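Structure first, commentary second.
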Amino acid sequence: MTDNTTRRSPFLSGLFSAIVPGAGQLYNGQRYRATAILVGALVVLGMVVWYGEPFWYISPVIIWLWNIWDAVSLSAGRTRSILAPVLFSLLATYGIGWQVVQINFKSASIERAVQIVRPMLRPDFVTLRTEKNSIWVPVQVPCAPNPPKAENEINGIKAFATPNCASVGETVIVSASGLWPDTETQVWWQTPIGDPKMLGENEAAMLVIKTDSSGSLTTTIRVPSTALAAAPDPTLPFQHRVYFEQFRPIGGFVISSNGRYVLQGMTETLALALMATTLSIFLAIPISFLAARNLMSANPLTFGIYVVVRTILNIVRSIEPLIVAIIFVVIVGLGPFAGVIALAIHSVAALAKLYSEVIEGIDPGPIEAVRATGATWVQTVRYGVVPQIVPPFTAFTIYRWDINVRSSTIIGFVGGGGIGFFLIQWIQINDLRAVSAAFIAIAVVVIVLDTISAKVRERLV
Amino acid sequence: MLRVEHLSKTYPNGTRALTDVSFEVADGEFLVVIGLSGSGKSTLLRCINRLIDPTEGKIFWDNIDITAATPADLRHIRRNIGMVFQQFNLVKRSSVMTNVLSGRLGYANPWLSLLGIWPDEDKKRAIKALERVGIADKAYNRADALSGGQQQRVGIARALMQEPKLILADEPVASLDPVLSHSILQYLEQLNKEGITVICSLHFLDLVHRYATRVIALKDGIKVFEGSAREIDRAKFKEIYGEEAQEVRATAL
Amino acid sequence: MTRNALIIAGLVVVYLASYRVTQIDFVKLISEAPKAQTIVRAFLTPDLFVRDFETTTIRVPFPIPCGSAPEADIVSSGPRLVPSVKCAAEKDKFTLEGFSLAPNADIVVRWHFPDDRVLTAARTQTDDKGHFSVAVDAKPIAKSINGVPSQLEVDTNTAVGGWKASQSLKDVMQEIFVTIFMALLSTSAATIIAAPLSFLAASNITKRGVFGAAVYYVTRSFFNLIRSYDPLVMATVFGFWLGFGTFPGVLALTVVTIASLGKLFSEAVENIDTGPIEALTATGSNRLQTVIYSVIPQIVPDFVSYIIYHWDINVRISTIIGFVGGGGIGFYLSQRINGFEYNKAGTAIWAIVIVVWAMDFLSAEVRKRLT
Ligand SMILES: Nc1ncnc2c1ncn2[C@@H]1O[C@H](COP(=O)(O)OP(=O)(O)O)[C@@H](O)[C@H]1O
Ligand SMILES: [Mg+2]
C-alpha cells in the first residue's frame, strides 16, 4: 500500500474498533470501510439477537475480532482481506434463514408427488361423449301395512325388488332386465328428497355390477343406514328408489363440467385484466402529471401536491392487489368486480409512476423546435410532446396488462373472480384433474398473450 | 517467416470469402493488406491465427503447419501472435489493467489466473506495456471510460503482453480520426522496427505509403496485387477499389 | 378503412363482453362503500402498543340520612366520584358524577353497605374524557349503621406502566423477518440454479447443431411455461404436496424465480459483445480463461442487477404467499382477516408497506449504482 497517509496509533485503532466496530478504521481515514463494517456488524448482530440461538453468536464475535485486527493492521499500513467477515456474515444469514423457513426436504415425498402428478396427467377438460341407460324401482322404507308393488318399466327396461319394503339395514334383492348386455352398471339408492346414497362397501363406494349376456342383473343390497337421515319422522313410510345406470361411449368428446368452469374462469380472468387495465389508464394519466417532478416543482404548493401524490402512490403500490381485493369483496361481494377494482387500484399506482417518469424524461429539444416554427400551445403539445410520450406509455400499459393477466389468475383466491376462484376450491377438494386443466389453460393463455404483447412492444420501441 | 499457400475459405452459408490466396511474409516486414470492405481482409488475418478455420490451403510459420496444429499447439502458436482489432475488443466493464493482463493468459498458470491472481512480474510487465503506449496513469480506470484512441492503445498493450513475434492488426485505425490513426500506427511501426513482423489491413493510400514495406491487395477474396508500397499509385488504387471510389486523404497534418 | 372499422367493432364487442362478465357496477361500489368503514378504520388504526391496566375501585362515603356519619372530603383531582350533595335523606334523589375514569367504558355504580354487601345502583358509560353523570336514589337500605356510612363505588381500569409493543406487533415483526428470509433464500437458490441454466437458453452459446438447438428450445420453453404461472398458483401445488408452511412457499417462489431470472440472464448472455472473446482466444488463452476474463465481467453487473430486482419482487410476493398456505406475514394476515381481527391485520399491512417500500427504495438505489 502507499503510505501517503499519516500513521495512527495501533493501540488506539484497536481500542476504537473494539468499542464501536469500524471506529478504528474511521480513525485511520477509511470512511467507506468503516461504514461498511459498522452496518454489516449491526445487521449481523441484529439478526443473531433476533433469532436468539446462541450458536450463531459466533459470527458477530468473529466479525468483531476481525475488525479489531483490521484496524490495527491499517495503522501499520496494511489492508486485510474482507473474505472472513463476509463469509461469516453469509454463514449466519443463510444458516438462520435455513432454520427460519423450516427447510425440510424430508417432507418432499416422492410418493406423494407421484400421487399428485398422476391425476394431473389426465386434465379434466373434456370427457368421452356417452349415452345413458337407466331404470329405477321403488322400495318403501319402512314398511307400511300394504306396500305398493316394487316394480317399474320404462322403454322396455324392467326392474323389481323383493320384498316390496324394508327397514334401514335390511336386505333387499333387486334385479333389472332389458339393459345393455355385458355392461358395467351402477346401482345406487335415492331418498325421497333426491339424495343419492352409495350401496358399495361401507356405503362409501359405488356398487358396480356387470349385466349378463341377456342384459339382466340381480343383486342384494342393504338399505343404507343414512336413508332416513333427512326424514322428518323416521317411522313414516316413504317411497325410496333404487337406480340402475349404464353408460357407454358413442365416440367423440364433449367438454366436461369442470372444463366449462375452466373456460368461464379464463374468460373472467381475461375480462378482469382488460377492464382493470383500461380503468387504470384513465386514472393514471392525469395523476401521472401530478407526480412528474419537472412539471410540479415550480412553486411550493405544486411541489407539496407532488410529494403527497408520490407518497400515496408508493404506499398503494406496496400493497399487493390480493390484499386490496379483500376490502372490495366486503364492499361489492364475491365476484370479478371486486377483482377489477383491486387490480385497477394497484395498476393506477404502478402506471402513474411509470408514466410520470416518462414525462420527466421528455426531451425539451423537439418542443423548442416546434415552438420555434410559431406553433400554438396546442400544436406544440400535439407535435412536440405527444409523439414523445405515446409510444412509452403504450409499451408500459401493455406490460401492465401482461402483469394483470397473471395477477387476475390469483385474485380469485380471496373471492375476486377469475380462474383462481375455481382453482382454490379444486385444490381444497383435491380435484387434481380439474387443477391440471386450469394450469394448462393458464399457461396457454398467458404464453399466447405474452408473445403477442412482446411483438407489439417490439414494434413500439 | 510466414508462408500462406492456396488459402481458401467458404463460410457455412456459402459465402466464398477467400479464393486461392498465396503469399509470403519475411520476418521484420510491415505487410499491409488493402481491399474493399467485404474483400476478405478480416477473414485472411483470422485464418492466420485460426480464429477462423480455412477450408483449403496451408499456412506455415517457421515451417510449423498452423492449419494442422492440435488445440494445445495452437494455443502455443497464438501466444506468439498478437492481434489488434478495429473495435478494440476490450472488456469494457473491466479495468484497463485487467484487460492488459488478459493478454498474458496464454502464459499464466491456468488455475491462479481463474482466481484473478497474477504474479508481480506480470503486473510490472503490464505497467511497462501501458507506459510504452503512454497511458500508465489510466491503469485502474474502467476500459469504457477511455477515449477511442486510448482504448486502441490498451489493445496494443494487451498484444505486447504476449511478447509476440507477429502482430495481426485488423483495420486498427478505421474507428479513429486521422490524427489518432498516425499515433497508433507509429506504435506499430516502432514495434516493427524492434523486429516484430506486422500484418495490417488498411484503407487509406497515404497510410499505406507511409508505413508499408510491402502490400497485397484483395478483391472479392482473390489476391489482385502484390508488391512494394511505392508500386501502388493512384491508378492502381482506383483499380482495386473500383472507379467510383474516392481516395480519402487520411491526414490533416 | 374497413380494416380500422373492423378493429374498432371488435374492440367494442370485447369491451362490452368484458363489462358484462366482470359484473361492473359502480353504483353499488359507491352505495355500499360504507360497508368497508369498519374494516378500513381498523386497518388505519393498527394494533401497535398496549399498556397494562389495573382495576381499581373508587369509593365515596355517602351518609344517609345526613349527620348519621362523617361526610366525605372532596377530592379535586385524579379519578374520583363526586355526588351532587354530600349527604341525603332516605329516598332522596341526587346526581353522581365521575371524573378521570377510563374513557368510553361501561360503568356500574354500586352501593357498598357497611356490612360489605353490595347492590347495583346504576349503569352508565363514560365519555371520551372518562366523565359520567348518573341519577342515584338514596335507598333506605343504604343508610348508615352505627355511624358507618354506605359508600358509592365504581370500578375503573387505570393504566400502569408505559406503553409497550402489543402481542400482534411482536408477531408481525417475527413474521416479517421470516418473510424477508423467504425472499432471500428463494432468490439465492434460484440464482444458483438459473445462472448455469441461462447459458443453455442463450442462443449465442447453445444454439449449435441439432442437439444444441434442442437444449436451447427445451430450456427456453421451460422458462416460458413456468413464467406463465403467478407464484401463488405455483404455491398452491407445492402446498398441496408438502403440507402448508414456509417451506413450500420458498420452493414455489424459487421455481418461479428460476424461470424469470433464467430468462433475464439468458438475454444478458445473448447481448454480450463477442469482440473480447475473439481477442482473448487470439492471445492463446484456454476456453475457461476466455469465459472468466471476457464473458463474466460483461454479465456480472446485469446479473447482480436482476438478482436484486427479483429479491425486491420476492419480498412483495412473500407477503402474500401465505394466503395459500405459504407461510410468512401473508399467513398471519389471512388468519387475522378470517378471524375478523382487523386491527391486527392492520398492523401486518403497515409492516408490509414499510418493508416493501424500503426494499423497493434500496434495490432501486443499488441498481442505479451498478450501471
Ligand atoms: N461469419 C461469417 N459468415 C458468413 N459470411 C461471412 C462471415 N464473415 C464474413 N463473411 C463474408 O465474407 C466476405 C469477406 O468478409 P471480411 O473478411 O469481413 O471482409 P473485410 O474484412 O475485407 O471487410 C464478405 O462477403 C462477408 O460478408
Ligand atoms: Mg473486416
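The values are calculated or read from the model by the stated rules, or taken from the named source; none is laboratory data. As the structure is a computational prediction, the values presented were derived from the model and not from experiment. Here the Cβ positions follow ideal geometry from the backbone for every residue, glycine too, while neighbour counts run over all protein chains shown. Side chains included, ligands, DNA and RNA excluded: accessible areas come from the protein's heavy atoms. Shrake-Rupley method; radii C 1.70, N 1.55, O 1.52, S 1.80 Å.
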Problem set entry | Separation of the A:SER81 and A:ILE429 label points, Cα + 7 Å toward Cβ, nm | 6.2 nm
Exercise. If one takes the longest principal axis of the Cα atoms in chain A, at what angle in degrees, from 0 to 90 and to the nearest 10, does the Cα axis of helix A:58-75 lie?
Worked result: 20 degrees
For this session: Could you please report the charge total around C:ASN343, scoring K, R as +1 and D, E as -1 over all other residues with beta-carbon less than 12 angstrom from its beta-carbon?
Result: +1
Exercise. Applying 1/(1 + (r/R0)^6) with R0 = 22 Å to the Cβ-Cβ distance of A:ILE305 and A:GLU360, what FRET efficiency is obtained, to the nearest 0.05?
Worked result: 0.90
Exercise. For the stretch C:82-157, which whole-number percentage of the solvent-accessible area (1.4 Å probe, protein heavy atoms only) is attributable to carbon and sulfur atoms?
Worked result: 48 percent
For this session: Output the relative contact order of the stretch A:45-111, whole-number percent, from Cα pairs under 8 angstrom with separation of 6+ residues.
Result: 35 percent
For this session: Subtract the Cα-Cα distance of C:PHE53 and C:ASP127 from 0.36 nm times their separation in residues, and report this length gain in nm to one decimal.
Result: 24.8 nm
Seminar exercise, completed: All alpha-carbon distances of the stretch A:10-100, grouped into 5 Å bins from 0, give the whole-percent distribution 3, 16, 27, 22, 15, 9, 6, 2, 0
Problem set entry | Proportion of all alpha-carbon pairs of the stretch C:167-370 beyond 24 Å (%) | 49 percent
Exercise. With all protein chains present and a 1.4 Å probe, how do A:TRP377, A:TRP188 order by accessible area, largest first?
Worked result: A:TRP377, A:TRP188
For this session: Please report the orientation-averaged projected area of the stretch C:323-371, defined via the convex hull of its C-alpha atoms, in nm².
Result: 3.9 nm²
For this session: Return the residues of the stretch A:378-427 for which accessible area with all protein chains present is lower than in the chain on its own by 10 Å² or more; set the probe to 1.4 Å and exclude ligands, DNA and RNA.
Result: A:TYR399, A:ARG406, A:THR409, A:ILE410, A:PHE413, A:VAL414, A:LEU423, A:ILE424, A:ILE427
For this session: For A:MET206, tell me the accessible area in Å² from a 1.4 Å probe, rounded to the nearest 10.
Result: 70 Å²
Seminar exercise, completed: Using alpha carbon positions and the Kirkwood radius, the Rg to Rh ratio of the stretch A:159-224 is 0.97
Exercise. Just from its helices, what would the mean residue ellipticity at 222 nm be for the protein assembly as shown, if runs of 4 or more DSSP H residues each count -39500 (n - 2.57) and the sum is divided by every residue, rounded to the nearest 500 deg cm²/dmol?
Worked result: -16000 deg cm²/dmol
Exercise. Remind me, relative contact order of chain A in percent, using alpha carbon pairs under 8 angstrom and six or more residues apart?
Worked result: 13 percent
For this session: Please report how far the C-alpha centroid of the stretch C:17-67 lies from that of the stretch A:234-313, rounded to the nearest whole angstrom.
Result: 30 Å
Problem set entry | Between helix C:329-338 and chain C: long-axis angle, C-alpha atoms, 0 to 90°, nearest 10 | 50 degrees
Problem set entry | Accessible area buried at the A-C interface, both sides summed, 1.4 Å probe (Å², nearest 100) | 5600 Å²
For this session: Once you have a ≥ b ≥ c as the square roots of the Cα gyration tensor eigenvalues for chain B, tell me rounded if a/c is under 1.5, and otherwise prolate or oblate according to whether a/b is larger than b/c.
Result: oblate
Exercise. How large is Rg/Rh for the stretch A:182-279, to two decimals, with Cα atoms and a Kirkwood Rh?
Worked result: 1.22
For this session: Would you mind pulling out the separation of the Cα centroids of the stretch C:84-106 and the stretch A:369-386, in Å?
Result: 78 Å
Exercise. GNM on chain C, C-alpha springs below 10 Å: top fluctuator among C:PRO114, C:PRO297, C:PRO196?
Worked result: C:PRO114
Problem set entry | Average beta carbon contacts from partner chains per residue of C:177-187, 10 Å cutoff | 4
Exercise. How do C:PHE62, A:PHE282 rank by accessible surface area computed with a 1.4 Å probe, from largest to smallest?
Worked result: A:PHE282, C:PHE62
Seminar exercise, completed: Counting only DSSP beta bridges with both partners in chain B, the antiparallel fraction in percent, to the nearest 5, comes to 55 percent
Seminar exercise, completed: Note to self: with every protein chain in place and a 1.4 Å probe, the stretch A:258-460 gives an accessible area per residue in Å² of 42 Å²
Exercise. In peptide B:77-86, how many Cβ atoms from other protein chains are near each Cβ within 10 Å, on average?
Worked result: 3
For this session: On the full set of protein chains, 1.4 Å probe, figure out the accessible area of A:LEU42 and give it in Å² to the nearest 10.
Result: 110 Å²
Seminar exercise, completed: Share of accessible surface on carbon and sulfur in the stretch C:2-43, whole %, 1.4 Å probe and ligands ignored, is 69 percent
Problem set entry | Subset of C:LYS35/C:LYS129; B:LYS58/C:LYS207; A:LYS132/A:LYS158 violating a 21 Å alpha-carbon distance limit | C:LYS35/C:LYS129; B:LYS58/C:LYS207
For this session: Put one equal scatterer on each alpha carbon of the stretch A:23-175, apply the Debye formula with no solvent term, and list log10 I(q)/I(0) at q = 0.10, 0.14, 0.16, 0.18 1/Å to two decimals.
Result: -0.65, -0.85, -0.93, -1.03
Problem set entry | Cα shape, the stretch A:308-461, gyration tensor, a/c 1.5 rule | prolate
For this session: Please give the solvent-accessible surface of C:SER221 in Å², to the nearest 10, using a probe radius of 1.4 Å with every protein chain present.
Result: 70 Å²
Seminar exercise, completed: The set of cysteines in the protein assembly as shown having no other cysteine's C-beta under 4.7 Å reads B:CYS47, B:CYS200
Problem set entry | Per principal axis, descending, Cα span of chain A in whole Å | 115, 74, 43
For this session: Calculate I(q)/I(0) for the stretch C:2-43 by the Debye formula, one identical point scatterer on each C-alpha and no solvent, and give its log10 at q = 0.15, 0.17, 0.32, 0.34 Å⁻¹ to two decimals.
Result: -0.57, -0.63, -0.96, -1.00
Exercise. Roughly how many whole Å is it from the C-alpha centroid of the stretch C:319-371 to that of the stretch A:124-187?
Worked result: 58 Å
Problem set entry | Relative contact order computed over the stretch B:87-163 (Cα-Cα under 8 Å; 6+ residues apart), in percent | 51 percent
Problem set entry | Helix axis angle, C:342-370 relative to chain C longest principal axis, alpha carbon, degrees | 30 degrees
Seminar exercise, completed: Using the Cα gyration tensor of the stretch B:87-163, the equivalent ellipsoid's semi-axes, largest first and to the nearest Å, work out to 19, 13, 11
For this session: Just the number, please: buried accessible area between C and B, total of both chains, 1.4 angstrom probe, nearest 100 square angstrom.
Result: 2100 Å²
Exercise. By the gyration tensor of its Cα atoms, with a ≥ b ≥ c the square roots of the eigenvalues, what is the shape of the stretch C:50-164: rounded for a/c under 1.5, prolate for a/b over b/c, or oblate?
Worked result: prolate
For this session: Kindly sort C:HIS112, B:HIS209 by accessible area of their heavy atoms, largest first, with the probe set to 1.4 Å.
Result: B:HIS209, C:HIS112
For this session: Can you pull a Stokes-Einstein diffusion coefficient for the stretch A:66-155 at 10 °C (1.306 mPa s), Rh from Kirkwood over Cα pairs, as a whole number of µm²/s?
Result: 70 µm²/s
Exercise. Reported to two decimal places, what Rg/Rh ratio describes the protein assembly as shown when computed on Cα atoms with Rh from the Kirkwood expression?
Worked result: 1.11
